[in-house]
1. Go through (1) among the polar types (S, T, N, Q); (2) touching a residue at least 24 places away in the same chain (Cβ under 8 Å); (3) over 24 Å from L176 (Cβ atoms); (4) part of a helix (DSSP H, G or I) for N210 and report which single condition fails.
2. Considering each of A277, A249 in turn, give the residue that is modelled with pLDDT under 95, of a type in the set (A, V, I, L, M, F, W, C), surrounded by 18 or more Cβ atoms within 10 Å (Cβ to Cβ) and closer than 30 Å to Q124 by Cα.
3. If you go through the stretch 433-458, how many residues are part of a helix (DSSP H, G or I), open to solvent by 60 Å² or more (accessible area, probe 1.4 Å) and either closer than 18 Å to Q200 by Cα or not charged (D, E, K, R) (or both)?
4. Name the single residue, out of those in the stretch 363-387 being aromatic (F, W, Y) and over 41 Å from the mean Cα position of the chain (by Cα), that is surrounded by the fewest Cβ atoms within 10 Å (Cβ to Cβ).
5. Would it be correct to say that R395 is farther than 30 Å from Q72 by Cβ, in contact (Cβ under 8 Å) with a residue 24 or more places away in the chain and open to solvent by 80 Å² or more (accessible area, probe 1.4 Å)?
6. Scan the stretch 335-358 and give yes if some residue there is farther than 30 Å from R309 by Cα and either free of Cβ contacts under 8 Å to residues at least 60 places away in the same chain or open to solvent by 70 Å² or more (accessible area, probe 1.4 Å) (or both), otherwise no.
7. Is there any pair linking a residue in the stretch 104-121 that is within 11 Å of V272 (Cα to Cα) to one that is assigned to a helix (DSSP H, G or I) and open to solvent by less than 20 Å² (accessible area, probe 1.4 Å), with Cβ under 6 Å and at least six apart or on different chains, and which?
8. When A177 is evaluated against the numbered criteria (1) without any contact (Cβ under 8 Å) to a residue 40 or more places away in the chain; (2) within 17 Å of L454 (Cβ to Cβ), which criterion, by number, is the only one it fails?
Amino acid sequence: MRLLLCSLAVSLVATPLAAQPTSPASLSGPSLSLEEALEIASRNSPLYLQDVEGRQGASAALRSAYGSLLPQLSSSFSSSYRQGKTQLFQGVSLGATSDVISSSYGIDASLSLSQGALLAPKAQRANLDATDAEIAASGQTLRTNVTKQYLAVLQQRARAELQDTLVATAQTQLELARIKAQVGSGTQLDVQRAEVQLGQARVDAIQARNQAEVETLRLYQQMGVEPQRDTRLTTNLPVQRPTITVDEALDMARGQNPVLRALDAREEAANVGVRQARGEYLPTLRLSTGVGGYTSQFTDDGVLINQSRSAARSSCFQRQSILEIVGQPSDPAICNEIDLTPAQIDRIRSENRSFPFNFTSDPLMFSASLSLPIFNGFGREQRVQEAQVRRNQARYRARAQELQLEADVTGALLTLETAFQTTQLQEQNALAAREALRLAEERYRVGASTLVELSQARDDFARAEQARINARYEFQRAFADLENAVGRPLR
């Protein structure tokens, strides 16, 4: 009977270290590779898309800068109504006895040229380049964050697998303690200790699986989409010694790091800003021209007809008066009989029908002016000084970023090399701890060690596996930091 129980114990002990839990692999949800996660994030991340939207404003500013070099056009149209009522102004009666409606239009063109306007497109082009670089920097940051969160999910799931392994190991140890207690080679205290260890292992496994779910939710948050349950992550990045040198990484970073490129573009824009500010000491040329027209119409045609009739009779009276003066026969009575013909009346009415679009053109106008401020209370000097300060600040920021870039790239490479060596050592430590646990289980089975020693070996195994998992993903995070510092993917 004792031999049978010991054989059963051997079979139980041989199981946990050979079998690996397959809980993440058995997930039934959609698969997600790192490349797919990055692509989804680039299309849906609200923070990244918010930065992308900034390019529209920069593009509009560039178009506006070019537009300032073109003539400015404006148009106007107006209409008015005036009641037919006379007004007295300094004893003179003004106005008409008929209501008057009128309209007018105008088309004006103007152009203003200065050094500031001529340099504006160059400054806005530099700002647009800086905006593009900042968007690229935001994209690189998004890539780094998504990659790190993807690694965090993988790391936490590996920890959950380890906890499942430890639960299986604790379950086997409990069964072994019970068998030994039944055959008299163990105590009930060992059984109770094994039960406590199993319960704690189950608690740790539940917490590890919950944390894996939380990290998965955070991954989808980084991607900017709704989370999918039971997602299977399919990318498994290898641990390989980096082959890039410090000089190579620094050369790539100086040429491709988007943050440094953005600061360089901002410095170029600041340089142009200084030239624009100094341009206020130069003259400004302004050109303008315009065309227009007007209409004026009496609402009562009879006013114009009566005016024309009165004018004809008045002309007749003048002629009769001249005849009397020169001693020739005259007859003023005939003037009262003068009247307009139907054709004349129709012509007067037709000419009065000008509202609203039968315009009378205004004379064509051109003007040109050249202005040069002489003194404006040191305002130009202030703006030049402020532009120089902005240029110097932009230059210092670019230099500081370059120094930080050198430190970040060099430090990232050193950290990556250290992480690689650490991973190799932790792999060896985990292998040794696994073998030590197997030997401890064998010794406990044959009665050569106590449950306390077996528990210690199990704890050592758990710590070594945790350290191995952590080292593996710390290496991947260090690689992501190096890519972020360089400003481009390296694998």
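The values are calculated or read from the model by the stated rules, or taken from the named source; none is laboratory data. Every value quoted in this text rests on a predicted model; they were computed, and no experiment measured them. We place every Cβ from the backbone using ideal geometry, glycine too, and count neighbours over all the protein chains shown. Accessible surface is based on the protein model in full, side chains and every heavy atom, while ligands, DNA and RNA are left aside. Shrake-Rupley method; radii C 1.70, N 1.55, O 1.52, S 1.80 Å.
1. Every listed condition holds for N210 apart from (2).
2. None of the others qualify; the one that does is A277.
3. Of the residues in the stretch 433-458, 4 are part of a helix (DSSP H, G or I), open to solvent by 60 Å² or more (accessible area, probe 1.4 Å) and either closer than 18 Å to Q200 by Cα or not charged (D, E, K, R) (or both).
4. So, considering only residues that are aromatic (F, W, Y) and over 41 Å from the mean Cα position of the chain (by Cα), the one surrounded by the fewest Cβ atoms within 10 Å (Cβ to Cβ) is F375.
5. Numbers: farther than 30 Å from Q72 by Cβ: yes; in contact (Cβ under 8 Å) with a residue 24 or more places away in the chain: yes; open to solvent by 80 Å² or more (accessible area, probe 1.4 Å): yes.
Taking the combined requirement at face value, the residue satisfies it.
6. No, the stretch 335-358 contains no residue that is farther than 30 Å from R309 by Cα and either free of Cβ contacts under 8 Å to residues at least 60 places away in the same chain or open to solvent by 70 Å² or more (accessible area, probe 1.4 Å) (or both).
7. Short answer, once both residue conditions are applied: Q115/G279; G116/G279; L119/V272; A120/A65; P121/A65.
8. (1)
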